[in-house]
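Let me begin by presenting the structure, written as structure tokens, before commenting on it.
The values are calculated or read from the model by the stated rules, or taken from the named source; none is laboratory data. This is a predicted model, so every value here is computed, not measured. Cβ placement follows ideal geometry from the backbone for every residue including glycine, while neighbour counts extend to all protein chains displayed. To get the accessible areas, we keep the full protein, side chains included, count just its heavy atoms, and leave off ligands, DNA and RNA. Shrake-Rupley method; radii C 1.70, N 1.55, O 1.52, S 1.80 Å.
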Amino acid sequence: MIKYCTRCVMPHTKPDLHLDEDGVCNACRSYENRATVDWDARSKALSAILDRYRCEDGSHWDCIVPVSGGKDSTFQVLQVLSLGMNPLCVTATTCDLTPIGRKNIENIKKLGVDHVEMSPNPNVRAKLNRIGLTQVGDISWPEHVGIFTIPVRAAVQYNVPLIIWGENSQNEYGGPAAAAESNCLNRRWLEEFGGLLGLRVSDLIGIDGLEARHLIPYVYPNDEELARVGVTGLFLGYYLPWDGLANAVIAQAYGFSTPPNVTLGSMVNYENLDNHQVAIHEYFKYLKFGFGRASDHASLHIRRGRLNRKMGMDIVKRLDGLFPWEYLGKPLHETLEPLGMTVDEFVAICDKFTNKRVFVLDDKGRLLKDGHGNLTKINYDNV
Ligand SMILES: [Zn+2]
């Protein structure tokens, strides 16, 4: 049996999710604790930090803002500008950028910021996508490493100490910039927060002709370089009450584009718009842990009182974890082509990474699939 949080729709199979004696998950408890946060005090603390890093004579940027072009990064840039900062926005191009993703990056520039975009070698990246997918069941390894390493490299290169990130999955932490002394990032901190997700860069050298010189974008600056610039960072989500839907609404008012319908495997149309491979990344999360983006969103909306749990469970059952035949207009076989992978190979990798205790099997012990290749979970609620 899969056990679900009695308040939201998250299953106990999610990594780092704990259900307490009332069956309520730690994410729901942590949201509950938000009511006790003194947001005024945090907003003042944020202003004090920004004052320390603002460049008075205008000779360099005040901060780096890593931006994907998504709703949260659009909101981040708007916030940073409204706080009077002069940011350098840094984009690490996604692995398979969508047209709508490109449009939203261009929209961020038009908010009135300087912007640099780093696009790692696509041929190397396709190899990394393939290695990630076949070895750890995560096609997005290079992207998720790059979104942390590339802005930190930019901070060193442009001598801008403060990096302003968005949300931090550990809500209770504002980031090292809040420490009055010795707040400089080091490699240990970076590896904890922008983790290498089961594969180390050094493990990749020698595979498929990969050499150290191919992997520069995925490597953090060393501790001496970080210390020379005094690179540090903060998470805006600690200082402001963070709400994805509100961010999306505000971003849209500033030109952020969304597709007409909810995206595959999700219940909303305002996120994960910038990469055709996202559907594969999310699908593997579903295969390994039994929850997808619809579960994440239903839970967020339930905690905020915008959705009841019964309807949330219904949404999850219908929309979560659909086989990624196409995403934002690109069919699966085209998305797999640069990886040198066929759909049949892909399905075999899916089956290898599927948690067989979470999904229904046939009487021969094989995964039961419907005519569209979709799986069924063994149970959809605590009954
Ligand atoms: Zn919960």
>> For a quick check of understanding: with a 1.4 angstrom probe and all protein chains in place, what accessible area in square angstrom does VAL116 have, to the nearest ten?
In response: 40
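With the contact rule set at Cα under 8 Å and sequence spacing of 6 or more, what percent relative contact order holds for the chain?
Worked out over the chain, it gives 21 percent.
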>> Only four residue types carry charge here, +1 at the Cβ of Lys and Arg and -1 at the Cβ of Asp and Glu. Report the dipole size of the chain about the Cα centre in Debye, rounded to the nearest 20.
In response: 800
> Considering the dipole of the chain built from charges on the beta carbon (Lys and Arg +1, Asp and Glu -1) around the Cα centre, which of ALA92, LEU19, VAL67 is farthest to its positive end?
Replying inline: LEU19
> Tell me, what HN-Hα J-couplings in whole Hz come from the Karplus equation 6.51 cos²θ - 1.76 cosθ + 1.60 at θ = phi - 60° for each residue of the range 247-260, using x for Gly and Pro?
Replying inline: 4, 5, 4, 5, 4, 4, 5, 10, x, 5, 9, 10, x, x
> How many percent of the accessible area of the chain is carbon or sulfur, using a 1.4 Å probe?
Replying inline: 52
> Between VAL249 and GLU192, what is the label-to-label distance in nm when each label sits 7 Å out along the Cα-to-Cβ direction?
Replying inline: 3.6
> What does the accessible area per residue of the chain come to in Å², with a 1.4 Å probe and no ligands, DNA or RNA counted?
Replying inline: 46
> Taking the alpha-carbon centroid of each part, what is the distance from the range 321-377 to the range 223-284 in angstrom?
Replying inline: 26
>> From the phi angles alone, apply the Karplus equation (6.51, -1.76, 1.60; θ = phi - 60°) to the range 352-359 and give each ³J(HN,Hα) in whole Hz, x where the residue is Gly or Pro.
In response: 5, 8, 6, 6, 5, 8, 9, 10
> For the chain, what is the calculated [θ] at 222 nm in deg cm²/dmol (nearest 500), taking -39500 (n - 2.57) for each run of four or more DSSP H residues and dividing by its residue count?
Replying inline: -12500 deg cm²/dmol
> Looking at the square roots a ≥ b ≥ c of the eigenvalues of the Cα gyration tensor of the range 90-143, which shape do they give, rounded for a/c under 1.5, prolate if a/b is larger than b/c, or oblate?
Replying inline: prolate
>> Of ILE139, ASN104, VAL152, which is farthest towards the positive pole of the range 39-180's charge dipole, taken about the Cα centre with +1 and -1 on the beta-carbons of Lys, Arg and Asp, Glu respectively?
In response: ILE139
> Taking +1 at the Cβ of each Lys and Arg and -1 at the Cβ of each Asp and Glu, which of LEU204, VAL262, LEU226 sits farthest along the dipole of the range 204-349 towards its positive end, judged by Cα position relative to the Cα centre?
Replying inline: VAL262
> If you keep only loop residues by DSSP, which trypsin sites (Lys or Arg not before Pro) in the range 296-334 have at most 14 other Cβ atoms within 10 Å of their Cβ?
Replying inline: ARG304, ARG306
> How large is the dipole of the range 37-239 about the Cα centre if only Lys and Arg carry +1 and Asp and Glu carry -1, each at its Cβ, rounded to the nearest 20 debye?
Replying inline: 460
> Roughly what % of DSSP beta bridges within the chain run antiparallel, to the nearest 5?
Replying inline: 35
>> Could you tell me the relative contact order of the range 37-239? Use alpha-carbon pairs under 8 Å, at least six residues apart, and round to a whole percent.
In response: 25
> Amide H to amide H, which residues 5 or more places from LEU88 or on other chains are under 5 Å from it, using H placed in the peptide plane?
Replying inline: ASP62, CYS63, ILE64, VAL65
